[in-house]
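The values are calculated or read from the model by the stated rules, or taken from the named source; none is laboratory data. Please read all numbers here as calculations on a predicted model, not as lab measurements. Here Cβ is always computed from backbone atoms with ideal geometry, including for glycine, and neighbour counts include all displayed protein chains.
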């Protein structure tokens, strides 16, 4: 098996375009959550907060390529372009026959899907539908559009697993590189904030609704006063390649992917399950040939739902006790769903580089249900060698990725 | 609607829907080779023209013969005339 390293990262996050804005937002402990104007027209919608990314410079994408892109695909393409540039791979030099992409999202563009139904259903008339709406709506829209934009000829796949989509994409890319099937993989996730998306959680009473007038105070992962998640959007894309290839071209190496695990909880579609989370993290650690005490930082999934945070805290406590620092970045940027695994992994890799762990924003009083683990409540200087990134999704799907700093060995 | 108004409206479709520069919109401009439209764009062109002129042309066989902007102008003029005649 080949060793697999990450050599480029790109992000569009609720803090803005690029890694610099993401890390500045985290370093300054800001909130990207805001009141969503117009959402109050939906009867029964309790949550009126979101963490949107800002669409900008989309016209730089030629119309012929852009017409098939909904919002999430534009974010994905912009993140992929950044990631490639960050990896030092010029557009003309992409080894296209051996380069692929896996980009996941919960679904296609929510805005475009809504547009299809709003256009077609009132008069039951297909004649008003444009040619490209389908390409914006399809489940693999982000992967397909990234591949078309970059003119890739390798493996093109989409991993649709809600909040585990991006980690699934990264895990798949890791497998494709280490088995030698591909030389370079662009992997990550994308998602699009829309009232129908937040609404899907809202009907399950999983969203935050008590902080509509004080949006920067929510979500509150692991906190006593948490009341649910806040949806956000954006995209994170990472460039994966073999260690030998990266060394040969003297690439900057963010980290080596050393373990990956994904599993079904076998128990419930929407409720997280501690035992399966423990198994998922254990399996990733085993593949990384590491022990729990070797882990320097866990970037938690923790979305601030009552049950999900409790189960994850219990799972971490069972495996790591209170010896490994844990934080969730959703208090800053909300839950970017299918993009979260990639955006938060990128932030974690940059924390590794800066030797600092950013805290869980809005965690002021640890809930008794979430005690017994080492919560990071203010910035913590820390030499970070091994990180775990968790993602636990609707559908009863768990994923954990383990990344180790590459120190030349 | 005058012929000039029809030409203006068709050109607006090319500017707004296909982001084409007005300077390119000459009557003899070939919509595929000069203006860069493709098969997907033709679907959007039909939708945009239907919306813009309040007409139904999706099933019209003559659409397949369109090659230049002038062909579109002429096609719309004929459809509008036919509509007005049948309407009267």
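State whether the residues of segment A:190-210 include one that is in contact with a strand residue (DSSP E or B) (Cβ under 9 Å, 6 or more places away or on another chain), crowded, with 24+ Cβ neighbours inside 10 Å and over 20 Å from residue A:104 (Cα atoms).
yes
Restricting to segment A:89-117, name every residue that is free of Cβ contacts under 8 Å to residues at least 40 places away in the same chain and assigned to a loop (DSSP other than H, G, I, E, B).
A:90, A:108 - these are the residues of segment A:89-117 that are free of Cβ contacts under 8 Å to residues at least 40 places away in the same chain and assigned to a loop (DSSP other than H, G, I, E, B).
Being touching a strand residue (DSSP E or B) at 6+ places or on another chain (Cβ under 8 Å), within 17 Å of residue A:161 (Cα to Cα) and in the same structural domain as residue A:337 (by TED's automatic domain parsing) narrows it down to one residue among A:270, A:263, A:235; which is it?
A:263
I'd like the full set of residues that are in a loop (DSSP other than H, G, I, E, B) and within 24 Å of residue A:231 (Cα to Cα), limited to segment A:301-329.
Selection gives A:301, A:302, A:303, A:304, A:305, A:328, A:329.
Do we find that residue A:293 is surrounded by fewer than 18 Cβ atoms within 10 Å (Cβ to Cβ) and assigned to a helix (DSSP H, G or I) in this structure?
In short, yes.
So how many residues does segment A:1-35 have that are without any contact (Cβ under 8 Å) to a residue 40 or more places away in the chain and either in a helix (DSSP H, G or I) or within 26 Å of residue A:58 (Cα to Cα) (or both)?
Counting residues in segment A:1-35 that are without any contact (Cβ under 8 Å) to a residue 40 or more places away in the chain and either in a helix (DSSP H, G or I) or within 26 Å of residue A:58 (Cα to Cα) (or both) gives 4.
Would you mind finding the one in A:69, A:107 that is within 14 Å of chain B (Cβ to nearest Cβ), at pLDDT 95 or above and surrounded by 13 or more Cβ atoms within 10 Å (Cβ to Cβ)?
A:69
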